[in-house]
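What follows is a set of notes on a single structure, which appears directly below.
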Amino acid sequence: MKKFKLFYNNMHLKNLSFFISFIKANIFNTCFGISLLFFLTLTNLSTWEIILILNICGIIFNYFSYSVAFKMSYKKYILRFIGAYIFLFIFQSSIFSIFFQIYGDKTTSAFLCLPFIFFSNYFVLARFVFNNRQ
């Protein structure tokens with residue numbers, strides 16, 4: 001029983017450390033992503049071009065920031081990363097276009113898209129990229 005408690009406590013601390021690193025990386029990534037999104041809405045780019053640039057930057061930025069934050073190489077995840085972002089591009093550009101058609105303003109549309117972008121990124125990356133069961 002002692003071995004189990006020691007194992008559980010070590011795993012708990014390891015998971016807590018991983019969780020804190022994950023939160024730090026996500027705060028940094030979120031600030032970068034929101035800044036880039038709102039900067040791009042001030043340009044003459046179309047909604048799909050904005051999301052495309054955002055996702056390309058997201059692939060590069062997130063790949064390296066997660067590698068640094070977790071001191072791991074994610075080379076084996078790069079194809080999953082790219083595949084996930086292709087799906088995210090299609091989904092997010094569709095949502096952005098719908099909001100843009102309704103409101104006619106890219107900045108308002110981008111603001112309304114943020115929850116969809118956050119949650120879709122989290123669920124797709126957590127399920128298809130960083131899921132070790134695959």
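The values are calculated or read from the model by the stated rules, or taken from the named source; none is laboratory data. Given the structure is predicted, the values throughout are model-derived calculations rather than measurements. Virtual Cβ from ideal backbone geometry, glycine too; neighbours counted across all protein chains shown.
Values for this structure:
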| item | result |
| --- | --- |
| Single condition residue 104 does not satisfy, out of (1) buried (at least 17 other Cβ atoms within 10 Å of the Cβ); (2) at positive phi; (3) not hydroxyl-bearing (Ser, Thr, Tyr) | (1) |
| In segment 26-39, the residues that are closer than 18 Å to residue 120 by Cβ and without any contact (Cβ under 8 Å) to a residue 60 or more places away in the chain | 26, 29, 32, 36 |
| Residue match in segment 83-95 (condition: closer than 28 Å to residue 44 by Cα, in contact (Cβ under 8 Å) with a residue 60 or more places away in the chain and crowded, with 19+ Cβ neighbours inside 10 Å) | no |
| Considering residues of segment 37-78 that are part of a loop (DSSP other than H, G, I, E, B) and modelled with pLDDT of 85 or more only, the residue farthest from residue 114 (Cα to Cα) | 44 |
| Search result, residues across segment 36-51 that are closer than 19 Å to residue 81 by Cβ and surrounded by fewer than 17 Cβ atoms within 10 Å (Cβ to Cβ) | 36 |
| Residues within segment 84-134 that are within 18 Å of residue 35 (Cβ to Cβ), of a type outside the set (A, V, I, L, M) and in contact with a Ser or Thr (Cβ under 6 Å, 6 or more places away or on another chain), tallied | 3 |
